[in-house]
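Down below is the structure, laid out as structure tokens.
Only the coordinates and a few stated rules stand behind these numbers; no lab work does. For clarity, every value in this text was computed on a predicted model and none was experimentally measured. Heads up, the Cβs are rebuilt from the backbone with ideal geometry, glycines too, and the neighbour counts pull from every protein chain shown.
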Amino acid sequence: MNVVTRFAPSPTGHLHIGGARTAIFCWLMARHYKGQFHLRIEDTDLLRSRQEYTDSILASMKWLGLDWDGELTYQTQRMDLYRQYVNRLLESGQAYWCSCTAEEVDAMRQKAKELGLKPRYNGHCRDLHLGPGEGRCVRLKCPQEGKIVFDDMVKGRIAVDVSELDDMVLQRADGTPTYNMAVVVDDHEMGITHVIRGDDHVSNTPRQILIYRALGFQEPVFGHVPMILGSDGAKLSKRHGARAVIEYEKDGLLPHALVNYLVRLGWSHGDQEIFSLDELVELFDGTHLNPSAARFDVNKLQWLNAHYMRALPVAELARLVRPFAEEAGYGDLSDERLQGLCTLFRERAKTLVELAAAFAPMLVGTADLAYDEKAVTKNIRPETKERLQALATVLKTCEPFEAEHLNTVFNDFVKDNNLTFKDIAPALRTALVGFMGGSHLHDIMAFLGREETLARIERTLSL
Ligand code: GLU
């Protein structure tokens, strides 16, 4: 099957998760069928569009790994093209010039409402054969009866009576195209076969189909994905933990965790929750898109992120956490040290920010190590101090001071002294890390080295 999809954001803000999910669906569909995925910047709203938002959207697309084919398209660079097509419709008599002012159109709508009808333009200029002129827009001469029917990839069959629609504006009085006109021209010119977008556009689709028909263009397949709601079913907002993609990046989420999460929020393959990118490309064929709105669950997103942080090769995780470690001010860390830190702390961190924060106790000098008061009260007591002191004596001379051997030494110490792990492990952990976190004690000791390990035990004895 020939598949060409597109993502068409308006650069009036950063890429949000709703938009990102649409982009991912379009991208996956194109990659699944070995087709093409285009990116088009819908920047015709000159007042609200900004270059910085375009840059930010592109950066988020790249971060998510959504590469696009061919040149980026900007609608503002295609104004002549839209005008040509509007002229074509004027010449064939399928569009007409309209001189009605905004106030007049408002009055028509008001009147229709009062009569209990749909508020609509009443076709005043339809047969006046006006030419171009100051303040005149161009309207489509819509059919006056019949139904527009299309099979939506997500919502199934949708039928709209044309009496619901009016002669829509194609070109405004200032010569700019309306959204519906520009989108149809672009989707046709770019050879788009599948238009997947948010269902806030579903009411535009019958109008766009009328333009396709007037221009004699082949209609694409449409798919309207429902909105993402907050966990309480209300409109999604910051309050629900929903943010722009760029903010998730700053929070230390892995891009694939966000991709995996967003795909599942509106598409399913049985009960499977975890998908590699290759699997998604293999499985996502445009079916099984959920017609009901999904609820955003920040905990599930973090759960997935934690999963991917554990599953990544440690060298890759270290590469990803490096900017966060630099941001935290740890100075220069070799790849080896960073990987060591990742191994120690990755099990419990849910984001890269949390992971980097967990490194702190390993990187400060003993004198600056902060102790969690609760951990100290609970774990550092006279009898545990005695045990720590005895352990320190063993650690002073044991060779080599390496993880595997330290594991044996520690186990032997516990056994030889008729102890259980509980009798000493929490105390040692508090001494070494300052709180009840981190991974295996022998790994922590190996990372710190003998001198630092002994210094930390020593300091705890005087608490
Ligand atoms: N530019 C539109 C938006 O950001 C998308 C239009 C479309 O996909 O047709 O909502």
Problem set entry | Under-5 Å amide H pairs with Gln36, H placed in peptide plane, nonlocal only | Val3, Val4, Thr5
For this session: In whole angstrom, note down how far apart the Cα centers of segment 315-371 and segment 252-295 are.
Result: 30 Å
For this session: Measure out, as a whole number of angstrom, how far apart the alpha-carbon centroids of segment 42-85 and segment 168-238 sit.
Result: 16 Å
For this session: Please go through the residue pairs Lys62/Lys350; Lys250/Lys350; Lys62/Lys250; Lys385/Lys415; Lys155/Lys238; Lys155/Lys300 and name each one whose alpha carbons sit more than 20 Å apart in this structure.
Result: Lys62/Lys350; Lys155/Lys238; Lys155/Lys300
Exercise. Of Ile424, Ile24, how do they rank once you tally other Cβ atoms within 10 Å and put the fewest first?
Worked result: Ile424, Ile24
Exercise. Cα gyration tensor of segment 87-149, axes a ≥ b ≥ c as square roots of the eigenvalues: rounded (a/c below 1.5), prolate (a/b > b/c) or oblate?
Worked result: oblate
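Determine Rg/Rh for segment 160-223; Rg is computed over alpha-carbon atoms and Rh is the Kirkwood hydrodynamic estimate from the same atoms. If you can, show how the numbers build up before the last one.
Details: Rg = 11.7 Å, Rh = 12.4 Å.
Reported Rg/Rh (Cα atoms, Kirkwood Rh): 0.95.
Expressed as a rounded percentage, what relative contact order does the chain have, with Cα pairs under 8 Å and six or more residues apart? It would help to have the intermediate numbers written out before the result.
Numbers: 683 pairs, mean separation 60.1, N = 463.
After rounding, I find 13 percent.
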Exercise. Going by a 4.7 Å Cβ-Cβ cut-off, which cysteines of the chain have no partner at all?
Worked result: Cys26, Cys100, Cys137, Cys142, Cys342, Cys398
Seminar exercise, completed: Helix 255-264: inclination vs the chain longest Cα principal axis, degrees, rounded to 10, gives 60 degrees
For this session: Report the full-extension gain for the segment Glu316 to Asp161: residue separation times 0.36 nm, less the Cα-Cα distance, to one decimal in nm.
Result: 50.3 nm
Seminar exercise, completed: Under the helix-only model (-39500 (n - 2.57) for each DSSP H run of 4 or more, divided by the residues of the chain), the mean residue ellipticity at 222 nm, to 500 deg cm²/dmol, is -14000 deg cm²/dmol
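Could you check what % of the DSSP bridge pairs in the chain are antiparallel, to the nearest 5? Intermediate results must be reported in sequence, preceding the final value.
Details: 16 of 30 bridges.
The answer is about 55 percent antiparallel.
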Exercise. Of His194, Ala234, Thr178, which is farthest on the positive side of the dipole of segment 113-264, counting Cα position, with +1 on Lys and Arg Cβ, -1 on Asp and Glu Cβ, and the Cα centre as origin?
Worked result: Ala234
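As a footprinting exposure proxy, order Thr73, Thr101, Thr351 by other Cβ within 10 Å, with the fewest listed first.
Working: Thr73 18, Thr101 11, Thr351 22.
Fewest to most other Cβ atoms nearby, the residues stand as Thr101, Thr73, Thr351.
So for each of 102-109, 83-90, 179-186 I average, over its residues, the number of other beta carbons within 10 Å; can you give me the resulting order with the highest mean first?
Details: 102-109: 13.9, 83-90: 17.1, 179-186: 22.8.
Ranking, from highest mean packing down: 179-186, 83-90, 102-109.
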Problem set entry | Fewest-first sequence of Met29, Met1, Met436 by Cβ atoms within 10 Å of each Cβ | Met1, Met436, Met29
